[in-house]
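> The structure's right below; bear with me while I get my questions together.
The values are calculated or read from the model by the stated rules, or taken from the named source; none is laboratory data. None of these values were measured; they are calculated from a predicted model. Cβ placement follows ideal geometry from the backbone for every residue including glycine, while neighbour counts extend to all protein chains displayed. Only protein heavy atoms, including side chains, enter the accessible area calculation; ligands, DNA and RNA are left aside. Shrake-Rupley method; radii C 1.70, N 1.55, O 1.52, S 1.80 Å.
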Amino acid sequence: MTIHILIQCSKKKSLDFSPEMVWDSKTTLESWNNNWEKQQTKTKAEILYSGRSIKREFEFISQYAGVEGYIISAGAGLAKFSDKLPSYESTFSNRNGPHYSQWHQLPYGGLSKINTEEGDIVVSFAAPNYHRAIKADPAFNKMASKFV
């Protein structure tokens, strides 16, 4: 049995972001994904996100066998701790990011990235906007029974 834990990303990053990695009113999903791919500097998610809360969550999750950690990100999609990401600025608030229904189309995809087996559970710790993104993901209905 694996426990898949989903945590919310952090606004605070360890690296500065380039201007094209700021989601603004002119940004589209297509332009975002294209700019994402063009970025030369990418850092492991567990190093990039530097907020105090997320650092504690990384440490806690990493202590246990049988636990997989993922980051619900308004810029990346569903990132594993080891995934390499460029620094960016995007959120589900104030139209400074994708619509939550587009979340699964971001560079690292959505819930379909989680490979669950019989007995696995999924636990999500996030703000309501991030939970809306999870619920709007096309894979949610197939995985809903695994959520705690």
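> Compute, for K113, the solvent-accessible surface of its heavy atoms (probe 1.4 Å) with the complete set of protein chains present, and express it in square angstrom to the nearest 10.
50
> Run the numbers for I47 and K84: contour at 0.36 nm per residue of separation, minus the present Cα-Cα distance, in nm.
Using 0.36 nm per residue and subtracting the Cα-Cα distance, I get 12.4 nm.
> Decide, for the stretch 1-121, between rounded, prolate and oblate: order the square roots of the alpha carbon gyration tensor eigenvalues as a ≥ b ≥ c, take rounded if a/c falls under 1.5, and otherwise choose prolate if a/b is larger than b/c, else oblate.
Prolate is the answer for the stretch 1-121, as a/c is 1.5 or above and a/b outweighs b/c.
> Let me make sure I get this right: for the stretch 1-67, a, b and c are the square roots of the gyration tensor eigenvalues over alpha carbons, sorted descending. Under 1.5 in a/c it's rounded, otherwise prolate if a/b > b/c, else oblate. Which is it?
Details: a/c = 2.49, a/b = 1.98, b/c = 1.25.
Prolate, since a/c reaches 1.5 and a/b exceeds b/c.
> Moving on. Gain in length, L15 to S31, computed as 0.36 nm per residue apart minus the alpha-carbon separation, to one decimal in nm?
Using 0.36 nm per residue and subtracting the Cα-Cα distance, I get 3.6 nm.
> So for the stretch 28-73, taking the charge dipole from beta-carbon charges (+1 Lys/Arg, -1 Asp/Glu), which of I47, S62, S73 sits furthest toward the positive end?
Of I47, S62, S73, it is I47.
> Between A136 and S62, what length in nm is gained on full extension when 0.36 nm per residue of separation is reduced by their alpha carbon distance?
23.8 nm
> Could you tell me how many degrees, from 0 to 90 and to the nearest 10, lie between the Cα long axis of helix 52-62 and the main elongation axis, the longest principal axis, of the Cα atoms of the chain?
With rounding to tens, the tilt is 40 degrees.
> If we count GluC sites (Glu not before Pro) as exposed when they sit in a DSSP loop and have at most 14 other beta carbons within 10 Å, what is the longest stretch of the chain that avoids them all?
In short, 1-116.
> A further question on this structure: Which of A126, A65, A79 moves most in a GNM of the chain, Cα contacts under 10 Å?
Highest fluctuation among the options: A65.
> May I ask which residue of H131, L6, S93 lies farthest towards the positive end of the charge dipole of the chain, with charges of +1 (Lys, Arg) and -1 (Asp, Glu) on Cβ and the Cα centre as origin?
So the residue we want is S93.
> Separation between the I3 and V22 pseudo-spin-labels, each 7 Å from Cα along Cα→Cβ, expressed in nm?
Here the answer is 4.0 nm between the modelled labels.
> Let me ask you something else. Compute the acute angle (0 to 90°) between the alpha-carbon long axis of helix 29-38 and the principal axis of greatest extent of the alpha-carbon atoms of the chain; round to the nearest 10°.
With both axes taken from Cα atoms, the answer is about 90 degrees.
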